[in-house]
Each structure stands twice: as structure tokens, then as C-alpha cells.
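Bear in mind that the values in this text are calculations on the coordinates, not laboratory data. As the structure is a computational prediction, the values presented were derived from the model and not from experiment. Cβ: placed from backbone, ideal geometry, glycine included. Neighbour counts: every protein chain shown.
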Amino acid sequence: MTLGFHLRMLARESRGSRGRLAFFVVCLAVGVAAVVAVAGLSASLRDGIRREARQLLAADLAVRGNQPLPPETLTAIAAIPGARRTDVKETVTVAAAPARGGQPGPSQLVELKVVDGVYPFYGKLDLRPRRPLRELLTPGTTVVASELLPRLGLKVGDSLLIGGQPFRVAGTVLAEPDRVSVSFTLGPRAFLTGAGFARTHLEEQGSRVGYRALVKLPDQLSGTELDAIAERLRDALPAGDFFRVETYRQAQPALQQNISRVERFLGLVALLSLFVGGIGVAQSVRAWLAGRLDAIAILKCLGMRPREIFPLYLGQTVLLGLAGSVLGILAGAAIQLVLPRLFPDLIPGELVRPWQPAALLRGLGLGVGVAMLFSLPPLSAVLRVPPARVLRRDAEPLPRHRWVTAVTGLALGLGIWGMAAFQSDSALLGAQFTGGVALVTAALAGAAFLVARGVRRLPRDASPQWARPWLRHGLAALARPGAGAGSAIVALGLGVLVVLGMSLVERRVLSQLDKELPANAPSAFLIDVQPDQWQGVEALLRQQGGRGVESVPVVMARLAAIDGVRTEDLVAAREKEAGKDSGEGNGRDRGERGERGGGGRGGDRRWGLTREQRLTYMRELPKDNKIVAGALWSDPARPEVSLEKGFAEEIGAHLGSTLTFNVQGVPLDLEVTSLRTVDWGTFGINFFLVVEPGVLESAPQQRLAVARLPRGAEQRVQDLLAARYPNVTFLRIREILEKVLKVLRRISLGIRFLGGFTVVAGIAILAGAVSAGSARRGREVALLKTLGMTRRGVAATFAVEYALVGLVAGAIGAVGGAVLAWGVVTRGFKIPWALDPWILTAALAASILLTVIAGLAASLRALERRPIEVLRAE
Amino acid sequence: MTSPRIELRQLTRKLPSGDRELTILDHVDLTIQPGEFVAVLGPSGSGKSTLLALMAGLDRPTSGEIRIDGEPIQAMSEDGLALLRRQKIGFVFQSFQLLSNLTARENVLLPAELLGVADPYARADELLAAVGLADRGHHYPSQLSGGEQQRVALARAFAARPPILLADEPTGNLDGATGRRILELLTDLRSREGTTLVLVTHDPAVAALAGRQIHLLDGRIERDESGATATAATAVAPAAGVPA
């Protein structure tokens, strides 16, 4: 037989089924839409980053670090033919309006950017007035974000105090190329020139400054030449990983990696809704084949072999899969267009390109794959249709081949794993996901089975008082063979699990960060306080009602060696080790070295070793510290340091290790004599490194202070500090927490949004099951009505059945969701677990309500039919 | 000497019925030669349809042997049986058994396509014309009357020129006149194609058309009467007006 014949048969066979398989298409489309939306949005973001890579870097190449770039690097840059350089410094400080009428002007935390030279080399700095930055910015002027001015009650032309020095506001900035709108910021932007920044003395007073050299290379340079230059610059950097070189070709590796991480996670959530859709697919195929048994028997009778009939129906599911996927792709694209409008904070709408070929293909492939995979078990029934059915309706089914069951089961498992691995880009994560889904599905299916059995065993004839007819019938309906309640329970349960699980995590984390901030936690941190300013600052804080005012000295230092091994060598050794054990996702290229938030432990370790360390010294540890190994200040012979346990592990130090620090040029050896744990949840002042008193007193230092200020007093304190101690940076904890919460809320919103698809798919499945059985239901309604039950009574009967489905799915989903949330909260976020019973109750109620509404809606036609219509047709 | 077309030896079929086992066919021996027209008669439950199903490889015997053209089929795989039906056996059923989502022409076309006949469309059109439905080929079964559906089924049964045609009460669901018309067509096509025909019926008038009558009772052959007792011409009205 030719391919043409098969295709003709496929087209013929599909004729009678088109309408009936609408649920197949809908179930699949819902899941595909979720997958395409996630893949499309992240591809859009990454695409946008790549497309605008030069703008996002504002240069061809940048060298950055948290100390001034060494002269040899600057020489190396100068040696590149045709290269132009702009130096940029960034720091956070408080800007304030000048005093008015004896009162300090309002103040605001700002992100300062100090620019000398052409900026930006690429992209657009959107300024008002529309003039180049170089023209607006002089040592005496500043250009600030437009939102800063109203907050400080200023306008362009007014004077603004930064570091206590007045700067005339020469213009406002609306957009900067290298500041991504979705990233976390501490405050609005303010630009200064290098000379202007020098006037503020912030750099000498210990502010943490980021240094960056932006390099513009000749236009005709090829990508490989650029990489070669970057490599030469890396070689010219001093060893020790304090700097990194980025080119636009790497296009924001850290940002891209974050997007990938979120994409993997959301991709799996989306895949789950596709799998739930797959359950609906399996169910529609089963119902469809039940109506095709005669046709299959005839085909067998006419001499078609089972293996020729099977592809016929598999082909149908592929066609339907294609239809569902295309519909899903359209819906997914629509979501991408609508989402940025609904949640402008979530996704920058200007980046979204909904027609990402890779995302569309992914949706198509996964959609058709799920359609085929989930159709396999019901389709294998084709093999069992007895051809003798053409003569005898009750002909026995053909024997079930054990290998068919085994092969379909194996294919399903492998297929789910394969797709999960593909979505998460990790074989291991895919396996964990598959295991989790299998476990939850088994629990839900088991519960559905037990409920059906339990209901079947209820005494029916005894008819106790409570058992109104509609209740009895409703309960019995659930136990009826082939009621389709099982798959609806599994699907809905999975949906409830995801949505509830994520909202529990979100609520728990938010309340932990927000409401449950300890009552005696400080509300503000003050950094960069000079020792001679402390007395005044302390008095000011107390005057303004500050309580719990504390301060500790801070000495900045770099870790030079551990037990005589130089930090550079430790970093190199760990880089090698990280390269060895980094499975997937860790494959970061060299340009990203030394930056936190990279990939896993390797990144943490490097960062722990190479960053600027803050040391303090004190006689007694704060109450929230607990010595877990060694003893504090126990060696009279040598200067000692006490390490936080996690930090010690991170840098690879232990009791007895000798840490060599470079304290602003002076080497200092400290012996680790104790390890501590710290309860960071108190928000008290705590340090990884605490040094024995008597060692660091003469080193250059600042003070770090905390205070608990009355609500509403923070702004006034900040204004006063800005006026009197302009170098002091005042951080409001509540405000920063709010910003962290906002980021968390965005992610949580995304997950719940996608989890919602699972619920929608679950409801589609229930509605599909209900309407697939509508013929049976029509007869049932007719009989009940003939026997004298009112339409309301019949509806109540059905409602009981659906409510029970919703109850079981909701209950198991809720328990599963709570377990999931517990795991994420206690393991992932490491915060204590607490459960709000109300949200569980609400989830349960919502699950029941949705199920009843969907079920009744799908039964409407059956309910409306008059008994005679049905009985006449018998 | 050529082997018999169909040969049944000690054929037994039992079916479970509740706790007991029901014997549908009980050690049946039967040999049918090429070109024979055999009618199988018997009351309901005598095992007529089961006999037919076993001959076609639609069902499997509990014991005994079935040979088609000398080849035993009881041990064949499902695939082997399907191929056997494709090449050698045509069917006509009491309830027509047309594929509802295929047009009349497509129903007829199907066996010819399966067998890879050179011009299946020409064959289908020829047969539809032979049964008087040349202009109804594009209709779906649901748009045809019972008699018309059975005529399509007849055309389909002959489409692949099978050496064997099995008919299970082909006139059982039709009124008298239509039934006669169908039988007429059936015998006419059979003699044109030289097909071996096994026809199950409980109607002695229909059975009278056959050259041989097998009477089944309780799963056994009660009588095997040979010799033509009637012809198509005497049993039914002349095939006047039937396009050939």
C-alpha cells in the first residue's frame, strides 16, 4: 500500500471525528499556549539583549572591577589602535535639596554615575534638554533622573547637594542604554563628572565604588579580533580575579543566565499544564475510539492489518495535535502581546517579539509530541478490537500483549522525561520533574480510585435520613464505571497543586520578609560614617527618637592568602574544580569570572575570596551569634579572627587556618580560632569576619550603624543626615525589602499565571469528560425526569457528583501544594514554615466551585432535553 | 487435484457464559470446493455466524483445523489473517457494516486499494454500476436506504475479486422485494466472477438458491444436502432492468 493510500485513509477517517475531538484540540492548545508564551518571552528578552548588546554595554568592550583599574590595563587599552576610552564610576549615596528656612531639604538615595569622556558610545542617552551629556555635565553640574526632582521639590536649574557639595541640575535623564529597566535599583540616577565627584570626597571616605572603563573600538573590527583584544586585556590584568572584561558579544552574560534560569523553571511549570492537557487528550482519544470500534472491526474484516490501522489513528492524533498546537501557538503569541500591557512591570513590552521561530517550533514539537505520547495508551486498544465484532457485538477483545503495555508505558515515561529535560535543559532536572509528576499523579489517581471504591461501598438500600435522592445518585454517579472522574481529579489536582503551592510560597516568603520583621529589628542602616562623625550622628539618631542605636567599626581589607596559599592560586584551583563538577548551566565563560550570581557554588567561592572584605572588631559577640566550634579570643599569642561558619566553608577555611589580609597596603595575619552561626533574620549588624580587639584599632576605618526609627521618621532623619553628614549613606530597610518583595512578586505572579493554565486544562478535561458522556447523561436525565425528579433535582444530583470531584482534587492538590511549598520555603528560602489554613480552605472552595460550574455548564444540553426526545430515540 | 477451497476438520468453538462454557460449534467437518455455492441453514444460536467467522479468520477455534486453499489458518497471526482476508475473502453482512464516514464509492474502493488493484477507481465504478448505484457513489451510508446500503456492501465484497465470499443473512434486514433484488445481484455477480459463496440464512427460500445446503443444529451439522434444488431464475424474479 502506498503512502498516498494511507494519507487518503487518514483524510477519510477524520471526517466523522472533527467536531467530537474539539476537546482534544482545546486541552492541547491550553498547554501549548503556556509553553510558547514562556519560550517566546524569554527568547524575546534574550534576543533583545543580543540585538541591543552594544547599547546595553554602551561600548564594544568594558573592563570592570571594584577597585580602580590598574595602570597596566589602562596602558594596554591605550595601546589598542583606534581605541577610545571613557571611565565610569558608580556608587550609591544620598542626594538632598538645600536647606530651606533652617530646615534641611528633602533627601533621596541615588545611584551615582560618574562619567569622564564620551558616553555612551552606543545606544541613546535620552536627556532633556536634548543635548549631549558632555555639554550638560560640568564639574559644577549634575544630570538626574526626571523622577528625582519632584521627590526633592526641585526643578532643572536648582541646586542639588551630593556628598554635601552643591551641583546645579543641568538636565534630566529619561533613559540610559546600559541600565536595564527590569533590574533591581536602589534609587534614581544622578550623573556627575570626575571632577565633580572628586569635590564630594565620597571616594576617599570609603564609599563602595564600582569602576568601569568603556572602550570603543574601530568600527571595521571583526568579532574574532574583538575577542582577541579582550583576551589580551584579560592577560594584562593582575592575577586574582578582581576585574573582568566583557564584550558586547557576550551580551550581558549574567542577565542572560538569570533569564535562562527563570525560563527553565517557568518552562517546567508550563510543561506541566501541557501534560495535564495530555491527560485530556488521552481521555478524548479513548472516548473517540469507543465510537470507532465498529469501523475498526470492519477495516480488520476487509483485510487491514492492526499495524496498518494503528497508524491511521495515530495519524489522526498527529493531525489533531498539529491543530491544537497551532491554536496554542496563536494563543501563546497573543499572551505575549497582552501580558506586557497587563503587567508593564513584568516584561518590557518594547522587547517582545511574539513570533520567535524557536519558541513556535518548541510549542509545535512539544504539542504534537504530547498528543502522540498521551494517545498511545488509549490507541493501543485498536490492536485489541476483535474483527468478529462485525458479526457479534459481544465478541471478546483480543488478548492484551504484555509487551504492548510495557512499550506504551515506557514510551510515556521516557517521553515525559525527554520533554522535561528539553524544557529545563537538564537531564537531572527533567528526571526529578518526571519523578515528582509521577508521584503526584499516582497519589491523585490512587485517591480517585479509593474515593470511587468508598462511594461504591456506601449502603444504598439502607437509605439513611441524610441520603436525599440527589445526594445518593450524585455519589453513585462517581462510582459508575467509566465516569471519567479519575482523569479529571488528576488534572484538576495538579492544577490546584501548582497554583496553591506557589501562592503559599509567596505568602510565606512575603510575610516572613514583611510582617514578621522582628519588632526590635533596626529600620535603617547607616554606612560610611567617619569615626569623627559618629558622636554627632548618634546624637542625631537619638534626638529623632531612634532606639536600638548601635555602631561598629568597619575596616576594609582584601584576603591575600589562606594558610600561605595566595588567593589568586586558590581561585585558579577552584575554577578548575568548578569546571570539572559543573554539570549543566555552569558553563560560564571567562568574561564572567569573579561575579556573584554566576553559577552555583563555584561562583560563590570565587566571590567570597576576591571581593573586598569588611572586618570589624569587638570584645563580645552580639546575641544572635553562636559559637559552634573553637573558642572566642582563646589564643593569647596570636591575633585571632572569628568566621561565620557558612563563609568559612565558602572560602575553604577551618579552625586553625591562617588568613592573610591586605589592610589597605598593610599585611595582617589572623588565626581562625572560632566558627559562629548567625541568625540573619534579626537584621542586626553582623559580619562574616570579626577580629579580636587590639589589632585593627589604628587601621583606616569607618563605622556602620543601625537604628530603629519611629515610623515616618526615616525621611526626616535622612534629610538631616544629608544636610549635616552628606557622605553618610542611609539605607531604609523597609524600602529595600519592598523592592526585593516586588521582584519576588513578579516571579510568583508568573508562576501562578502559568499554573492557572493547568487549572484551565483541568477544567477543560472535566467539561470534556462530561460532554463525552452526554448521551448517557441525556438518557439518565430523561429517566430521572420520567420518574418524577425535577430539573433542579437532577442538577443537584450532578452538582453533588462534580462537587465531589472538585473536593477530592482540591484536597489532594492542596496537600501536595502545601508539601511543595514547605519544601521550597524551608529548603530553598531557609525560613521557618507556617501554614495559613484559610488559604487552604479557600483553595478547596474554589476547586469545588469551579468544578461544579464547569460540570453543570457542560451538562446543560442534557438537562434541557425533554424525556420523550430521549426515550423515543431508544 | 486441486485442494478444496475451504476445509474444516473437527472444528470446535466454545465460549464462556457465566460460570459455564457454551459449545457453539461441536466437532464440525466440512469441505467446500472452488466455485461451490453453499447455504448454511439453522435456527438462532445453532452456530451459523460463528462458523462463518471462523472461516474468515475473524474468530479462533477452541480446537480443530481450518484450511483455506489447503493452508491451515488457525495458527496464523492477526496480521496473517488480515492479509488472508484481503486477498481471498469478501463479506456481506446482515447489518451492511459500511464505514459511515466513507462515501459509497470509497467503501467500494477500499478493498481494491488495499489489494493494490491497478485501477481501483474503475473497478469501484464498474461495480457500483453493476449494482445500480452509479450515480450514488458520492453519498454517505446514512444518506442511502437499507437496500442501497446492502448493494454498496455487495459491490464492496466483490471489489477485490475474492475467490471466497461469505454472506451472513444478507437479506435479513431488508423487506422481501429488496431482499430478492439483493440475492439476484449476489448470484449474478457470483456467477460472473466464479466466486465460492457461503451464505448463512434461516430462510429456506434463500437457501434453495444454493447448490448445497448445510443444516446446523446445536453446533453440529445435521444434514448436508447436495444437488441444485433451485436456480436464481426460479427462486427470484428475473434480473430484468439491472444494469450489468
Quick one: if you stick a label point 7 Å off each Cα along the C-beta vector at A:Asp532 and A:Arg131, how many nm between them? 3.9
Restricting to the protein assembly as shown, what percent of DSSP beta bridges are antiparallel, rounded to 5? 75
Per-residue HN-Hα couplings for the range B:117-124, Karplus 6.51 cos²θ - 1.76 cosθ + 1.60 at θ = phi - 60°, whole Hz, x for Gly and Pro? 4, 4, 10, x, 5, 4, 4, 4
Taking R0 as 56 Å, what FRET efficiency do you get between A:Val338 and A:Leu655 from their Cβ-Cβ distance, rounded to the nearest 0.05? 0.45
Hey, for a label at B:Ala177 modelled as a point 7 Å past Cα toward Cβ, could you say which residues of the range B:97-137 have their backbone N under 18 Å away? B:132-133
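Is the shape of the range A:1-146 rounded, prolate or oblate, going by the alpha carbon gyration tensor and its root eigenvalues a ≥ b ≥ c, with a/c under 1.5 for rounded and a/b larger than b/c for prolate?
The shape class here is prolate.
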Among rounded, prolate and oblate, which fits chain A when a ≥ b ≥ c are the square roots of the eigenvalues of its C-alpha gyration tensor, a/c under 1.5 means rounded, and a/b larger than b/c means prolate? prolate
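Could you compute the net charge surrounding B:Leu115? Neighbours are other residues with a C-beta less than 14 Å from the C-beta of B:Leu115; K and R count +1, D and E count -1. Numbers along the way, then the final one.
Details: positive: A:Arg305, B:Arg85, B:Arg86, B:Lys88, B:Arg123, B:Arg156, B:Arg161; negative: A:Glu308, B:Glu113, B:Asp119.
Net charge in that neighbourhood comes out at +4.
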Which residues among the range B:22-63 fall inside the zone where the amide N is under 18 Å from a point 7 Å beyond the Cα of B:Arg220, along Cα→Cβ? B:22-31, B:41-48, B:51, B:63
Which lysines does B:Lys88 reach when only Cα atoms under 17 Å apart count, and residues fewer than 8 places away in its own chain are ignored? A:Lys300
Using 0.36 nm times the number of residues separating A:Leu439 and A:Arg792, minus their current alpha carbon distance, what extension gain do you get? 123.1 nm
Testing the spin-label approximation: label points 7 Å from Cα along Cα→Cβ at B:His27 and A:Asp235. State their distance in nm. 10.0
Okay, helix-only estimate at 222 nm for the protein assembly as shown: each DSSP H run of n ≥ 4 adds -39500 (n - 2.57), divide by all residues, round to 500 deg cm²/dmol; what do you get? -16000 deg cm²/dmol
Kindly state, to the nearest 0.05, the FRET efficiency for B:Ser17 paired with B:Ser95, given R0 = 30 Å and r defined as their beta-carbon distance. 0.85
For A:Lys626, list the lysines whose Cα falls under 30 Å from its own Cα; do not include residues on the same chain fewer than 8 positions away. A:Lys515, A:Lys645, A:Lys830
Counting other beta carbons within 10 Å of each residue's own, what order do A:Ile651, A:Ile736, B:Ile89 fall into, fewest first? A:Ile736, A:Ile651, B:Ile89
Rounded to whole angstroms and listed largest first, the alpha-carbon spread of the range A:85-156 along its three principal axes comes to 44, 24, 20
Using the per-residue mean of other Cβ atoms lying within 10 Å as a proxy for protection, in what order, highest first, do the peptides A:50-56, B:138-144 fall? A:50-56, B:138-144
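How do the peptides B:29-37, A:316-324 rank, highest first, by the average count of neighbouring beta carbon atoms within 10 Å per residue?
With the highest mean Cβ count within 10 Å placed first, the list reads A:316-324, B:29-37.
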Roughly how crowded by other chains is peptide A:291-302, in terms of the mean Cβ count from those chains within 10 Å of each of its Cβ atoms? 6
Want the number for A:Arg384 to A:Phe829: 0.36 nm per residue separation, take away the alpha-carbon distance, what's left? 155.0 nm
Quick one: if you stick a label point 7 Å off each Cα along the C-beta vector at A:Asp294 and A:Leu749, how many nm between them? 5.5
Expected integer from the mean partner chain Cβ neighbour count at 10 Å over B:104-110 is 3
Cα gyration tensor of the range B:1-81, axes a ≥ b ≥ c as square roots of the eigenvalues: rounded (a/c below 1.5), prolate (a/b > b/c) or oblate? oblate
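To the nearest whole number, what is the average tally of beta carbon atoms from other chains within 10 Å of the beta carbons of peptide B:83-94?
Mean shielding by partner chains, rounded to a whole number: 3.
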Run the reach check for A:Lys113 against lysines, Cα to Cα strictly under 27 Å, same-chain hits fewer than 8 apart removed. What comes back? A:Lys89, A:Lys124, A:Lys155, A:Lys216, A:Lys739, A:Lys742
Highest average packing first - A:834-847, A:325-338, A:696-709, A:749-762, Cβ atoms within 10 Å: A:749-762, A:325-338, A:696-709, A:834-847
Provide the FRET efficiency to the nearest 0.05 for the A:Glu396-A:Gln432 pair, computing r from the beta carbons and using R0 = 25 Å. 0.05
Going by C-beta contacts inside 10 Å, put A:Leu410, B:Leu41, B:Leu115 in order with the fewest on the left. A:Leu410, B:Leu115, B:Leu41
Please report the antiparallel percentage of DSSP beta bridges with both residues in chain B, rounded to the nearest 5. 55
Taking other Cβ within 10 Å of each residue's Cβ, how do B:Ser44, A:Ser642 sort, fewest first? B:Ser44, A:Ser642
